[in-house]
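Here's the structure we're looking at; comments come further down.
The values are calculated or read from the model by the stated rules, or taken from the named source; none is laboratory data. Here the structure is a predicted model, which is why all the values come from computation and not from measurement. So basically every Cβ, Gly included, is an ideal-geometry build from the backbone, and we count neighbours across all protein chains shown. When the accessible area is computed, the model is the full protein with side chains, heavy atoms only, and any ligands, DNA or RNA have been set aside. Shrake-Rupley method; radii C 1.70, N 1.55, O 1.52, S 1.80 Å.
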Amino acid sequence: MDVPHAFADPALLERALTHASAPLPEGHGHNERLEFLGDAVLDLIVAAELYAREPELPEGAMTQLKAGVVSRKTLARAADGLGLAERARIGGGMRGRVLPASVRANLFEALVGAVYLDAGFEAPRAFALARLGEELEAARAAADVENPKQRLQQLTQARWGQLPEYEVVESRGRAHARAFLVAARIGDQAFPSAWGRTRKEAESWAAFEALLVLEDAD
């Protein structure tokens, strides 16, 4: 197994690889607490990356993308790439067969938690992005395809060499529960307006409305 982190405390690595089904030597523990910690650390790492790299994505879209990047299937593949299942301490009932994806994913999460405790935040961040970078980029690419504001911007730049503008036509509600009606405009042409719970969400739907008009015209 090639773990790209030199542990100052090797006991953390051993605990990360000890499944709850394994008999525990004296003074040792299983990996469930590290798994819990690693899950939270991974969520923060991926959420922070999406927030920084995709400033136009609304909260709901970022949540959906994050869920895909840290899914059980993805983390199980990351664990396989590190050979975690081969080194894991498991109980007799699980030996001699392929470990379920859930167990392999949990091993990866526990390892991330162990790296965090051993060296702070930057070490698991680098570790996780190295192992999940392809999944993150694939998720971002999918978001770019599905992002109507980006699609509208690309279309208007290609056709007219200018960027769309967004105008707030109306807003309703109090500060903590507002809704916005926004219309996209390209030069002198205004497009149908759309409501959203935030201004960014309304702009996204307004871009979608503009795309419908332009694509129908084509």
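One chain, two ends: Arg199 and Gln162. Fully extended at 0.36 nm per residue, the span grows by 11.2 nm beyond their Cα-Cα distance. Springs between Cα atoms under 10 Å define the GNM used for the chain, and in it the highest mean-square fluctuation of Ala67, Ala179, Ala85 occurs at Ala179.
Computed from backbone phi, the HN-Hα couplings of region 72-79 come to 4, 4, 5, 5, 4, 5, 5, 5 Hz, rounded to whole numbers (Karplus: 6.51 cos²θ - 1.76 cosθ + 1.60, θ = phi - 60°; Gly and Pro given as x).
What percent does the relative contact order of region 145-218 come to when contacts are Cα pairs within less than 8 Å and at least six residues apart?
27 percent
Note that region 97-110 has calculated 3J(HN,Hα) couplings of 9, 5, 5, x, 4, 5, 5, 5, 5, 5, 4, 5, 4, 4 Hz, one per residue in order, obtained from phi through the Karplus relation 6.51 cos²θ - 1.76 cosθ + 1.60 (θ = phi - 60°); glycine and proline are x. Based on Cα contacts under 8 Å between residues 6+ apart, region 52-168 shows a relative contact order of 27 percent. Surface composition of region 156-214: carbon and sulfur make up 50 percent of the accessible area, probe 1.4 Å.
Residues whose amide H comes within less than 5 Å of that of Arg89, counting only those at least five positions distant or on another chain, are Thr18, His19 (H built at 1.01 Å from N in the peptide plane). Once backbone amide H atoms are built at 1.01 Å from N, Val169 has Leu181, Val182, Ala183 as its partners under 5 Å, excluding neighbours fewer than 5 places away on the same chain. In this structure, Arg97 and Glu137 have a Cβ-Cβ separation that, at R0 = 41 Å, corresponds to a calculated FRET efficiency of about 0.80. Residue by residue, region 173-178 carries 3J(HN,Hα) couplings of x, 7, 4, 8, 8, 8 Hz when phi is fed to the Karplus relation 6.51 cos²θ - 1.76 cosθ + 1.60 (θ = phi - 60°); x denotes Gly or Pro. Normalised per residue, the accessible area of the chain is 55 Å², obtained with a 1.4 Å probe and no contribution from ligands, DNA or RNA.
Could you please state, rounded to a whole Å, how far the C-alpha centre of region 156-218 is from the C-alpha centre of region 8-74? Computed from Cα coordinates, the inter-centre distance equals 38 Å.
Taking 22 Å as the straight-line reach from the Cα of Lys149, the lysines in range (excluding those fewer than 8 positions away in the same chain) are Lys66, Lys200. Note on Lys73: aspartates and glutamates with a C-alpha under 12 Å away, same-chain residues under 8 apart excluded, are Glu135.
Would you kindly state how much longer the chain becomes between Arg178 and Glu56 on full extension, computed as 0.36 nm times their sequence separation minus their alpha carbon distance, in nm to one decimal?
42.0 nm
Put a plus charge on the Cβ of each Lys and Arg, a minus charge on the Cβ of each Asp and Glu, and nothing anywhere else: the dipole of the chain about its Cα centre is then about 500 debye. The relative contact order of region 48-112, computed from alpha carbon pairs under 8 Å that lie at least 6 residues apart in sequence, is 38 percent.
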